Amino acid sequence: EKGGFDTYMLKEIYEQPSALTNTLMGRLHDDTGEVDLDIDLDPSSFKRITIIACGTAYYAGLVGEYLIEQLARVPVEVDVASEYRYRQPLVSENTLVIAVSQSGETIDTLEAIREAKRFGAQTLGVINAKGSSMTREVDDVLYIHAGPEIGVASTKAYTAQVSAMLMLALWLGRARGTLDAEKGAELLRAARELPRLVEESLQPERVANIERIADKYKRARDYLFLGRGVNAPTALEGALKLKEISYIHAEAYAAGEMKHGPIALIDENLPVVVVATESFLLEKTVSNIQEVKARSGKVIAVVSDGDEEAARYADDVIYVPRAHEMVSPVVNVVALQLLSYYTATLLGRDVDKPRNLAKSVTVE
Ligand code: F6R
């Protein structure tokens, strides 16, 4: 049932190219540059959008915030469902509340949706599990079609959720007239490349390099993850994955925040994973790498193929396929999933059943 893999988690990491194909399939129309999500809600009726979710799904929501604000120019806020449900949210019928959930059964997210509906919001679920409770509570569903996810640590659901957020941003941007046809077509082509780029990320030499790095740093007590812009959530997701399955303490920050506190943690024992792929802000991220090095931290840089400038100051480099910045979170996170996976397995952890965690959290 694990299809030749040792664990469900590894199987699901490797299923990502086909899962993403299913997420995107039939929804992106190259010829017209249009995105067809089969959503009945009126995209021009929203004045603001709130995304609610928990854990990994929340990080997919943070990527969604960035993409929707950039492409559709609608104000977006993202909240963890356990906070949202108790904070008497400001909602009107012009608010779209998007719940992101793999299982569709997470109690906090379900209750947050109910709360939003009481205040009159329109609701959309970005959900994996067909027929789950959440699918019946929301006004409309965008299924991510990632297939069943059994490993407790979410992998393929995350990349599929992020891809779904990208499609939503494209759909909203086109419908609201903030995204012109040419830019829309460019991003649509970039999205279409995702299954192939993720497939490339899983090439044996790349995976072996990540396993080597995991082995080198597996005795670290703490890890720091940094990223910027659309990849700030990639850092958060990388840290969460490492904590969940290896039990190594990890923190993540938007790279620009490093100076405002976490820099005090840096010494020769601290591995710092920096997402430093192609970006209009790459220069700033490279200075962060130099700042870490100046304090003897160990830098593991995630860098776009061929970018020697970004790789130059790092102790270890994980090269990833070049991707359009707007779609790069999907590609970049795969490297961090593998880093956590190998760190955990080299430490002898049971990655499919990490201690204290349940696959879906149906009690508060
Ligand atoms: C992390 C993880 C959890 C879930 C969270 C939400 O690997 O799996 O953080 O993402 O419990 O679950 P869903 O998406 O089912 O609502």
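Each reported figure results from applying straightforward, stated rules to the coordinates on display, with no laboratory input. The model shown is predicted, which means the values in this text are computed figures rather than measured ones. Virtual Cβ from ideal backbone geometry, glycine too; neighbours counted across all protein chains shown.
Evaluating 6.51 cos²θ - 1.76 cosθ + 1.60 at θ = phi - 60° for every residue in the range 139-156, the Karplus couplings come out as 5, 8, 10, 10, 6, 8, 6, 7, x, x, 10, 9, x, 5, 7, 6, 10, 5 Hz, glycine and proline recorded as x. Using a/c under 1.5 as the rounded threshold, could you call the range 16-68 rounded, prolate or oblate? The axes a ≥ b ≥ c are square roots of the C-alpha gyration tensor eigenvalues, and prolate needs a/b larger than b/c, oblate otherwise. Oblate shape, in that a/c is at least 1.5 and b/c is the bigger or equal ratio. Our summary gives the chain a relative contact order of 19 percent, counting only alpha carbon pairs under 8 angstrom and 6 or more residues apart.
Counting neighbouring beta carbons within 10 Å and listing from fewest to most, the residues 119, 280, 225 come out as 280, 119, 225. Distant-in-sequence amide contacts of residue 141, defined by a placed amide H-H separation under 5 Å and a gap of 5 or more residues or a different chain, comprise 125.
Which of the lysines could a cross-linker bridge to residue 359, judged by Cα under 21 Å and excluding same-chain residues fewer than eight apart? Within reach: 2, 11, 130, 156, 241, 243.
Solvent-free Debye calculation, one equal scatterer per alpha-carbon of the range 179-329: log10 I(q)/I(0) at 0.13, 0.18 Å⁻¹ equals -0.58, -1.08. Residue exposure proxy: 359, 298, ordered by other Cβ atoms within 10 angstrom of their Cβ from fewest to most, comes out as 359, 298. For the range 63-118, the relative contact order works out to 35 percent when only alpha carbon pairs closer than 8 Å and six or more residues apart are counted. Taken one residue at a time, the phi angles of the range 102-112 give Karplus couplings (6.51, -1.76, 1.60, θ = phi - 60°) of 5, 6, x, 10, 5, 5, 4, 5, 4, 5, 5 Hz. Gly and Pro are set to x. Close amide-amide hydrogen proximity is noted between residue 51 and 77, 78, 79, 98, each under 5 Å apart and 5 or more residues distant or on a separate chain (H modeled in the peptide plane; Pro and chain starts excluded). Under a 5 Å amide H cut-off, with hydrogens placed 1.01 Å from N, residue 273 pairs with 224, 225, 226, 300 among residues at least 5 apart or on other chains. Its relative contact order, with pairs defined as Cα atoms under 8 Å and 6+ residues apart, puts the range 19-159 at 25 percent. Rounded to whole numbers, the Karplus 3J(HN,Hα) couplings from phi for the range 80-97 are 6, 4, 5, 7, 3, 5, 10, 10, 6, x, 8, 9, 9, 6, 8, 9, 9, 9 Hz, using 6.51 cos²θ - 1.76 cosθ + 1.60 with θ = phi - 60°, and x at Gly and Pro.
For the range 266-327, which GluC sites (Glu not before Pro) pass both filters: DSSP loop (anything but H, G, I, E, B) and at most 14 other C-beta atoms within 10 Å?
Filter output for the range 266-327: 268.
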